[in-house]
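Computed from the coordinates by the stated procedures, all read-outs in this text should not be read as laboratory data. Model, not experiment: these values are computed from the prediction. Because the Cβ atoms are built from the backbone with ideal geometry, glycine has one as well, and the counts that use them run over all protein chains shown.
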Amino acid sequence: MTTTTAAAGSAASVFRHSILTLFIAGALSVLVFHQGTVTILHLLGYANAPFPFTPTKPMAVPQIWSWVFWGGLWGIIYGAAEKYFPRGPMYWGAAFLFGAIAPVLVLAFVVFPLRGAPVAWGWNPTRIIVGLIIHGMWGLGTGAFLWWRERAMP
């Protein structure tokens, strides 16, 4: 077995989908499901405006494109965890819970403190619930894009 074949074999044992497919599914889910949920919650008065173009620090990338990039990376992590998800209708619950738990924990307890923001949205219950819903919908969307991709292009 060559090194390339061994590497491909080990990646196949970790992921059901290609890394590129996982990245694209996670990135698209930010644009459609994550920001779609933000739009609805914004209209209800619970979230900031969707699709923000505020420059990020230190590279001045528009916020939405930063989120799309990180959503793609989280899509790869999703792909590594997905093999442990149940099959059938419970898959969708696992997809939502993955998005609501894993990225939210990193955001609330790592990213916010690094930015000088309050840990876990300052423990504001409404903001925590909104964060869980938005990111849970990202997880659901990532699963939906992967499900569609599997059926559209076997």
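Annotation: residue 21 fulfils all but one of (1) closer than 14 Å to residue 142 by Cβ; (2) surrounded by fewer than 18 Cβ atoms within 10 Å (Cβ to Cβ); (3) among the β-branched types (Val, Ile, Thr); the unmet one is (2). Residue count for the range 109-154 under the criterion of being in contact with a Lys or Arg (Cβ under 9 Å, 6 or more places away or on another chain) and without any contact (Cβ under 8 Å) to a residue 24 or more places away in the chain: the result is 3.
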